Amino acid sequence: MKALVYTGTEKLEYKNFNDPNIVNNESIIKVSASGICGSDMHAYHGKDERRIPPLILGHEVSGIIEKGLNKGKKVVLNPLITCGNCDYCKSGSEHLCNKRVLLGMNRPVERQGGFAELVLVPNKNIYELPEGLEMKKAPIAEPTAVSLHAVELGEKNIKKSFNDCKALVIGGGAIGLLCALILEKIKNCGEVYLSEPNQKRLEVCSKNLKSTSTTPKDPSLKENDFDLVFDTVGLEVTRNSAIKHIKPGGTIVHIGLSQPSGIFDFRKATLQEITFIGTYCYTNKDFENTLNLLSKNKIGDLNWIEFKNLSSGAEAFKEIHDGTCSAPKIILIP
Ligand SMILES: [Zn+2]
Ligand SMILES: [Zn+2]
């Protein structure tokens, strides 16, 4: 098969790769669409010890079953592969399973990813493509599940109804935009602000949101003014912005992890009783709920997604790297 292979730091090659071999309880999917995620970019920069070249990246995948149960069925994949036997898996917190692996990772076990014509996946990770969701847009299910999980973690911690809440989303990438869409369209959050420094991205976000989209330096973003802040970037500077804008008693949901350490205002966090929640994944239930929301177009038409051929995937990665890409999500089509 043809695949976009990660062959070294900032290097991707579109070339021949061995077809996957079918194994028990798994199926081979003919990939229809595969999204580029922030974590793929992290690997591309040579910064991910679980993704070592040569490797096919990509875990946001839709396609058609080529070999295995239900051949010919249109499907979308939940890329999070868990053991199914531990306490976390048995209690519906599969995302915390310590044996979890993701498609497009090769440490500690190899799982080739979705930037290819074919991908092997366990049957339990295969979900029927819901009616009303276009095949080529379906890879958005995975980042939407991440965002839904994050918003609902925040929801559990706020002390008033979402209607009376003022929320700030930091970052206008896919996770940021999806969090803002979920807050305004599904949770009916009182007031939502999104901040993003890249002007091109900001324009795309403001076109697709009722919420106020603005730059992080906008003085209308006030200190101690938000009940909920979502940091979808995870840099030292964005965490500082989160702790600055959060109200006493408020909740920060930290989804991005671009920079795992740095200075943080623990004084305010302590004296003002701030709740800080880390998250980056979702449960199987979140994934099912997400497919249901997407099938009913609950978060809009998703026309902010950009599509490119898998064969020119290397250019798409370069554009994201250079910051010349305005789309919050690029999906590659084999
Ligand atoms: Zn992803
Ligand atoms: Zn487990």
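The values are calculated or read from the model by the stated rules, or taken from the named source; none is laboratory data. Every value quoted in this text rests on a predicted model; they were computed, and no experiment measured them. Here the Cβ is made from the backbone with ideal geometry for all residues, glycine too, and neighbour counts use every protein chain on show. Surface areas here come from the heavy atoms of the whole protein model, side chains and all, with no ligands, DNA or RNA. Shrake-Rupley method; radii C 1.70, N 1.55, O 1.52, S 1.80 Å.
Between Ser62, Ser39, Ser32, which is at pLDDT below 95 and closer than 24 Å to Ile305 by Cβ?
Matching residue, one of Ser62, Ser39, Ser32: Ser39.
Here's a check for you: in the stretch 93-118, which residue that is closer than 15 Å to Lys30 by Cα and under 18 Å from the mean Cα position of the chain (by Cα) is farthest from ligand 2 (Cβ to nearest atom)?
Here the residue is Phe115.
I want to confirm something. Restricting to the stretch 1-21 and keeping residues that are part of a strand (DSSP E or B) and open to solvent by 60 Å² or more (accessible area, probe 1.4 Å), which single residue is nearest to Leu120 (Cα to Cα)?
Among them, the one singled out is Lys2.
Look at Phe115 and say whether it is closer than 30 Å to Leu202 by Cβ and within 16 Å of ligand 1 (Cβ to nearest atom).
Here the answer is yes, as Phe115 does meet what is asked.
How many residues are without any contact (Cβ under 8 Å) to a residue 60 or more places away in the chain and within 16 Å of ligand 1 (Cβ to nearest atom) when one looks only at the stretch 64-76?
Total meeting the criteria: 0.
Looking only at the stretch 143-163, decide whether some residue is outside any helix (DSSP H, G or I) and either acidic (Asp, Glu) or within 16 Å of ligand 1 (Cβ to nearest atom) (or both).
no
Among the residues of the stretch 45-55, are any open to solvent by less than 10 Å² (accessible area, probe 1.4 Å) and under 19 Å from the mean Cα position of the chain (by Cα)?
The answer is yes; a qualifying residue exists.
Test Ile126 against the criterion of being open to solvent by 40 Å² or more (accessible area, probe 1.4 Å) and of a type in the set (Val, Ile, Thr), and give yes or no.
Spelling it out, it is not the case that Ile126 is open to solvent by 40 Å² or more (accessible area, probe 1.4 Å) and of a type in the set (Val, Ile, Thr).
Exactly one condition in (1) away from ligand 2 (no atom under 16 Å from the Cβ); (2) more than 24 Å from Asn16 (Cα to Cα); (3) open to solvent by 20 Å² or more (accessible area, probe 1.4 Å) is false for Val75; which is it?
With respect to (1) away from ligand 2 (no atom under 16 Å from the Cβ); (2) more than 24 Å from Asn16 (Cα to Cα); (3) open to solvent by 20 Å² or more (accessible area, probe 1.4 Å), Val75 is out only on (3).
I'd like the full set of residues that are within 16 Å of ligand 1 (Cβ to nearest atom) and open to solvent by 10 Å² or more (accessible area, probe 1.4 Å), limited to the stretch 95-111.
Residues satisfying the conditions are His95, Arg100, Val101, Leu102, Met105, Arg111.
Using the structure shown, decide if Ser39 is away from ligand 2 (no atom under 16 Å from the Cβ), open to solvent by less than 20 Å² (accessible area, probe 1.4 Å) and among the polar types (S, T, N, Q).
No; evaluated as a whole, the condition is false for this residue.
For the structure I just gave you, tell me whether Leu168 is over 30 Å from Asn25 (Cβ atoms) and away from ligand 1 (no atom under 16 Å from the Cβ).
yes
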